[in-house]
Amino acid sequence: MKKPKPLKYAFVHNDYTKEIPPKFEIFDDRIEITSAGSLPDGFSEKEFFEGISAPRNKELMRIYRDLELVEPLGSGVPRILKSYDKSCFRFFPNFIRMTFPKFMGGQIGGQVNKIFLTKRQQQVLELIKENPAISRSQLASKVGINESAVQKHIDTLRVKKMIEREGGKRGYWNVKS
């Protein structure tokens, strides 16, 4: 699944009648995207989160669609919610702000013991914790990626000193705390 790009939504859904462009702020720990305009008249936050669409800039949306820069109408917010929590959205009378945690490498993930990991790396680490004898092929099957991708995640976890291998093929993973 492709990760949603909140940046493009800020342009497409900005209320340009207020003559305020979208605002992008980068902080040490987060990125904030602020779009002028509130929810369309009569729209509730529930409808917003459900993906009910009322494009504010229909012509701009058409151009983005023609260039294949956006997904099907109404799928943007639900796609964002697959990667981020609803709390990343804040609604104000005259604007909407999206706040996203900033991670190294621009990857979506989280922090384990002050070490940044992608979601896949977190998933691999959790599976190894559950079953220290798990194989690469089992990890690949459970995570839904190929073995070479699993190996890259394992290599990253090793470099970050999160895991180490004890023994050979019939060995096990030692998870560092």
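Here are the numbers:
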quantity	calculated
Near pairs, Cβ below 9 angstrom, 6+ apart or cross-chain, from the range 141-168 (assigned by TED's automatic domain parsing to the domain that holds LYS129) to any residue that is of a type in the set (Ser, Thr, Tyr) and crowded, with 16+ Cβ neighbours inside 10 Å	HIS153/THR118; THR156/THR118; MET162/THR156
Residue ID - modelled with the lowest pLDDT, chosen from residues in the range 5-40 that are surrounded by 15 or more Cβ atoms within 10 Å (Cβ to Cβ) and over 19 Å from ALA54 (Cα atoms)	ILE31
Filter result for TYR84 (of a type in the set (Phe, Trp, Tyr) and more than 19 Å from the chain's Cα centre (by Cα))	no
Of residues in the range 53-106 being assigned to a loop (DSSP other than H, G, I, E, B) and in contact with a Gly (Cβ under 8 Å, 6 or more places away or on another chain), the one modelled with the lowest pLDDT	PHE103
Which numbered condition THR99 misses (of (1) β-branched (Val, Ile, Thr); (2) loosely packed, with under 13 Cβ neighbours inside 10 Å; (3) closer than 26 Å to ARG120 by Cα)	(2)
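The values are calculated or read from the model by the stated rules, or taken from the named source; none is laboratory data. These numbers were taken from a predicted model, which means no experiment stands behind them. Note that each Cβ is placed from the backbone with ideal geometry, even for glycine, and that neighbours are counted across all protein chains shown.
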